[in-house]
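The values are calculated or read from the model by the stated rules, or taken from the named source; none is laboratory data. No experiment lies behind these values; they were computed from the predicted model shown. Note that we place each Cβ from the backbone using ideal geometry, even for glycine, and neighbour counts take in every protein chain shown. Side chains included, ligands, DNA and RNA excluded: accessible areas come from the protein's heavy atoms. Shrake-Rupley method; radii C 1.70, N 1.55, O 1.52, S 1.80 Å.
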Amino acid sequence: MNTNNSPFQTALAIFHAATPVLRISGLGGSRWTRNVPESDSRRGPWLQAHYEVVNEKAWRAKGACLYLVAGRDTKIRYVGISRNGVKHRWRTSPAYDNLTGQRLPVDQLFHSQCWKHIEREAASGIDTSFEVRCIEANNLVTVLEQIGGPMAGFTVLRDHGESLVGGVERWLCNHKSLDLASWNSAMTGKK
């Protein structure tokens, strides 16, 4: 692989090597809230997602992973990590009707850092189709070796999955642009 890849090209190579886990095809329905204190920014109200778990095994996998969210336009909007698998970050939560407070019959998909951005794109009329992919630490090592160059330096962390995915996440976020990690706010080194 070309070692002169831009950070976006590097992220795209990782995204293409990662396993598709979720497809979000839009938002709609009545607004819902989470059962957290009213002062908690994760409470909502939120729109319901139309989504599909496309790989149940990857959805339920445990262990350190890097996950990336891309839109139909292939821009990598968010880069994140989980120590316990992607389902611990993209979780389904008990949901309550925003107006009545009644428990909804179906738990709702939610990601605390991404949801406000997904809703903002939906409100602006932009296509709200997204794919979430994840790559476990051991598979990430192989991709980084193929990419080569500075990215291959992360492979010294091959025996420390959390450190590996955390280092790659930080590197990608530090190269934030309109095409890469535009939804990330932590660890970007940019205001």
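Structure data summary
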read-out	value
When residues of the range 22-47 are limited to those that are of a type in the set (D, E, K, R) and either in contact with a Cys (Cβ under 6 Å, 6 or more places away or on another chain) or free of Cβ contacts under 8 Å to residues at least 60 places away in the same chain (or both), the one farthest from N98 (Cα to Cα)	D40
Odd one out for V79, checked against (1) at pLDDT below 95; (2) part of a strand (DSSP E or B); (3) among the aliphatic types (A, V, I, L, M)	(1)
Unique residue being open to solvent by 20 Å² or more (accessible area, probe 1.4 Å) and within 26 Å of H175 (Cα to Cα) when the list is E52, E131	E131
Test: residue in the range 72-91 that is farther than 24 Å from V36 by Cβ and either over 14 Å from the mean Cα position of the chain (by Cα) or open to solvent by 80 Å² or more (accessible area, probe 1.4 Å) (or both)	yes
Scope the range 165-186; condition in contact with a helix residue (DSSP H, G or I) (Cβ under 7 Å, 6 or more places away or on another chain) and either in a helix (DSSP H, G or I) or surrounded by 16 or more Cβ atoms within 10 Å (Cβ to Cβ) (or both); matching residues	V165, G167, V168, L172, H175, D179, L180, A181, W183, N184
Residue within the range 30-46 that is open to solvent by 40 Å² or more (accessible area, probe 1.4 Å), part of a strand (DSSP E or B) and not polar (S, T, N, Q) present	yes
Subset of the range 89-118 (residues that are in contact (Cβ under 8 Å) with a residue 60 or more places away in the chain and outside any loop (DSSP other than H, G, I, E, B))	Y96, D97, Q108, L109, F110, W115, H117, I118
The range 13-29, subset assigned to a helix (DSSP H, G or I) and open to solvent by 40 Å² or more (accessible area, probe 1.4 Å), residue farthest from A64 (Cα to Cα)	H16
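Quick grid of which residues meet (1) over 19 Å from R72 (Cα atoms); (2) open to solvent by less than 30 Å² (accessible area, probe 1.4 Å); (3) of a type outside the set (S, T, Y); (4) within 20 Å of the chain's Cα centre (by Cα):
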site	(1), (2), (3), (4)
A95	yes, yes, yes, no
F110	yes, yes, yes, yes
K116	no, no, yes, yes
A122	no, no, yes, yes
E145	yes, no, yes, no
G149	yes, no, yes, no
D159	yes, no, yes, no
S163	yes, no, no, yes
